[in-house]
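Only one structure is covered here, and it is reproduced in the block below.
The values are calculated or read from the model by the stated rules, or taken from the named source; none is laboratory data. Bear in mind the structure is a predicted one, so any value in this text is a computation, not a measurement. Cβ atoms come from the backbone with ideal geometry, glycine included; neighbour counts cover every protein chain shown. SASA here: full protein model, heavy atoms, side chains in, ligands and nucleic acids out. Shrake-Rupley method; radii C 1.70, N 1.55, O 1.52, S 1.80 Å.
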Amino acid sequence: MKCLKAGLLAVAGLMLAWSGLASAADAINGGKLYARYCENCHGGDGAGRIPGAPDFSRGERMLQPDSTLVDSIKNGMGMMPAYRGQLTTKELFDLTAYLRTLRR
Ligand code: HEC
């Protein structure tokens, strides 16, 4: 019985480790969120559709670390609304991973 318990614990541990891996930023999911929440202002190619929006296709603002970009999206900036409470931290990191793919 004791042995079975230890086995189950080991399996649970492995599953935890696995889900940890699966939570790495996912640019594909970020792309779906981008089309829904961000494209209206930032454009499909990231070049920006409204005055004042940075040109992500030229890497503008992208020299900042992910955590800084996530904070800006979470808190809003200038014309950009705050997404705190609307998007999870995981989704915000997925979005940042996607933004980094827009550079041409
Ligand atoms: C209503 C238009 C609008 C929407 C919607 C919008 N943005 Fe923005 N975003 C802007 C503008 C304008 C700026 C420049 C703000 C400034 O510098 O004052 C900006 C800036 C940014 C920056 C640069 C932040 C920094 O620290 O320099 C990032 C990253 C960004 N937006 C990502 C996103 C993402 C991701 C979404 C979707 C979840 C989004 N934006 C939705 C208008 C928008």
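Computed in the context of the full set of protein chains, the accessible area of the stretch 25-99 at 1.4 Å probe radius has 54% of its extent on carbon or sulfur. Note on Cys41 and Ala82: the extension gain reaches 13.4 nm, defined as 0.36 nm multiplied by sequence separation minus the Cα-Cα distance. Taking the average, over residues, of other Cβ atoms within 10 Å as the packing measure, peptides 38-46, 72-80 rank 38-46, 72-80 from highest down.
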